[in-house]
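Read through the structure below, which is laid out as structure tokens, and then see the notes.
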Amino acid sequence: MKPRALLFDAYGTLFDVHSVVPKAEFAELSKLWRQKQLEYTWLRSLMDRYVDFWDITHAALLSAAGQLQIRLTDTQRDALMQAYLAPAAFPDAKPALEALRGFAPLAILSNGSPRMLEAMIAHNAFESYFAAVISADRVKIYKPSPRVYALGPETLGIPASEILFVSSNVWDAAGAKAFGYRVCWCNRSSSPPDPPDFTPDLTVQSLEEIPALFC
């Protein structure tokens, strides 16, 4: 069935979070930074102690650097945080969005704060692709809370079962599936599903495969 809209995750799906870290200089920092960032969103959601995603990201950077015993100068820390406003899009993102233009409304549903999402989308010149950019900040909790996923149907005016939710983060795809979306998991690394009982409606290795499924 042709979806009436496509709803994309942002970080790790359209935009490469690891592009913000100079890999030669901080080889392990990027991976742990992202891990801590996700852990803090889940922890704060469970505790019902919401803070802005920018503050989550800053706290995760300090924690990751401390755990790896990397002494960041104030200048280095500030540069890394500013870089998080402008991560590079994955190479498959723009061709996929361009091919889907006019097929159905496209939107983003992300944990990112409105300011972070606006800056990231502008940096990659993606503004024209999206009918809506939806932030978890509206409900003051993070994915995979159903309250976040509910923002998609609420904003687009389309039932979740008629929206295709696209994510490269398997935990996010599983959360969206549990909520009631049709789900496309972009499994770039050919990883096994985790949890193992998660069954996406569609699995692709590249976002560029999506248009051919419907167009």
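Identify the residue in region 17-65 that is more than 18 Å from the chain's Cα centre (by Cα) and buried (at least 20 other Cβ atoms within 10 Å of the Cβ) and, among all such residues, is nearest to PRO87 (Cα to Cα).
Out of the qualifying residues, it is LEU29.
Might you let me know whether region 197-213 holds any residue that is without any contact (Cβ under 8 Å) to a residue 12 or more places away in the chain, closer than 22 Å to GLN35 by Cβ and surrounded by fewer than 17 Cβ atoms within 10 Å (Cβ to Cβ)?
No, region 197-213 contains no residue that is without any contact (Cβ under 8 Å) to a residue 12 or more places away in the chain, closer than 22 Å to GLN35 by Cβ and surrounded by fewer than 17 Cβ atoms within 10 Å (Cβ to Cβ).
Matching residues to (1) modelled with pLDDT under 95; (2) not in a helix (DSSP H, G or I):
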| residue | (1), (2) |
| --- | --- |
| SER30 | yes, no |
| LYS36 | no, no |
| LEU43 | no, no |
| ILE56 | no, no |
| ALA64 | no, no |
| LEU72 | yes, yes |
| ALA99 | no, no |
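Of the conditions (1) closer than 29 Å to PHE130 by Cα; (2) surrounded by fewer than 17 Cβ atoms within 10 Å (Cβ to Cβ), GLN69 satisfies every one except a single condition; which number is it?
(1)
The values are calculated or read from the model by the stated rules, or taken from the named source; none is laboratory data. Every value quoted in this text rests on a predicted model; they were computed, and no experiment measured them. Cβ coordinates were reconstructed from backbone atoms using ideal geometry, including for glycine residues, and neighbour counts include every protein chain displayed.
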